[in-house]
Amino acid sequence: MGSCGHLATRLDKYMLRDAISHEEDLRKIPPLDPEILRGRLLVTYLFPGEERDFRKGMEGEVYATITPYSPEDAARLLQLPQPKKLRKYVALIDPQEVPVIRGPRLHEAGGIEFLLSEGVPARAVQHQSEWEVQ
């Protein structure tokens with residue numbers, strides 16, 4: 001992991017130290033009060049080609065983090081499916097507009113993750129443009 005990703009993760013762990021759950025199944029964690037995130041946006045990493053789909057919101061379960069990572073670090077620290085297919089785009093999500101947030105959970109690979117168990121309404125998606133992470 002690069003030094004920026006490592007530092008960002010350490011700072012986020014410190015900020016959320018009292019809220020991080022040790023429950024393995026995010027679905028079993030009670031809903032989170034978004035105030036715990038202290039104004040931070042949630043980040044969800046998108047496959048190439050998905051970067052325009054999020055503008056209408058996202059249905060179903062969505063996994064997110066508060067930590068910005070390079071595509072390589074995101075795949076490794078969050079153990080994203082299909083890790084060789086790097087996600088270079090993100091959607092930034094306002095947690096105040098998300099119906100249900102579960103987490104945070106410290107992923108066994110080292111990242112911090114949340115489950116947006118009822119999806120993400122379009123109004124929650126901040127910055128309606130593509131954000132390439134490098």
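The values are calculated or read from the model by the stated rules, or taken from the named source; none is laboratory data. All figures in this text were calculated on a predicted structure; none of them were measured in a lab. Every residue, glycine among them, receives a Cβ derived from its backbone with ideal geometry; neighbour counts consider all protein chains shown.
Structural remarks
- The set of residues in segment 28-64 being among the charged types (D, E, K, R) and under 21 Å from residue 97 (Cβ atoms) consists of 33, 35, 38, 40, 50, 51, 52, 53, 55, 56, 59, 61.
- Some residue of segment 61-79 being within 14 Å of residue 112 (Cβ to Cβ), aromatic (Phe, Trp, Tyr) and surrounded by 13 or more Cβ atoms within 10 Å (Cβ to Cβ): yes
- All conditions in (1) surrounded by 19 or more Cβ atoms within 10 Å (Cβ to Cβ); (2) of a type outside the set (Lys, Arg); (3) closer than 18 Å to residue 93 by Cα hold for residue 9, with the sole exception of (3).
- Residue within segment 62-83 that is in contact with a His (Cβ under 9 Å, 6 or more places away or on another chain) and at positive phi present: yes
- Qualifying residue in segment 41-62 (condition: among the charged types (D, E, K, R), closer than 28 Å to residue 4 by Cβ, part of a loop (DSSP other than H, G, I, E, B) and free of Cβ contacts under 8 Å to residues at least 24 places away in the same chain): no
- The residue of segment 77-101 that is nearest to residue 54 (Cα to Cα), among those that are part of a strand (DSSP E or B) and hydrophobic (A, V, I, L, M, F, W, C), is 91.
- Scanning segment 44-60 for residues that are surrounded by fewer than 17 Cβ atoms within 10 Å (Cβ to Cβ) and either in contact with a Lys or Arg (Cβ under 9 Å, 6 or more places away or on another chain) or aliphatic (A, V, I, L, M) (or both), we see that the one that is modelled with the highest pLDDT is 47.
- On the stretch given as segment 79-112, residues that are out of contact with any Phe, Trp or Tyr (no Cβ under 6 Å at 6 or more places or on another chain) and modelled with pLDDT of 90 or more total 14.
- Of the candidates 41, 86, 92, the single residue that is touching a His at 6+ places or on another chain (Cβ under 6 Å), surrounded by fewer than 21 Cβ atoms within 10 Å (Cβ to Cβ) and among the hydrophobic types (A, V, I, L, M, F, W, C) is 92.
- Checking residue 21 against (1) surrounded by 20 or more Cβ atoms within 10 Å (Cβ to Cβ); (2) more than 20 Å from residue 123 (Cα to Cα); (3) small (Gly, Ala, Ser), the condition it does not meet: (1)
- Just one of the listed residues (67, 9) is more than 19 Å from residue 122 (Cα to Cα), polar (S, T, N, Q) and in a helix (DSSP H, G or I), and it is 9.
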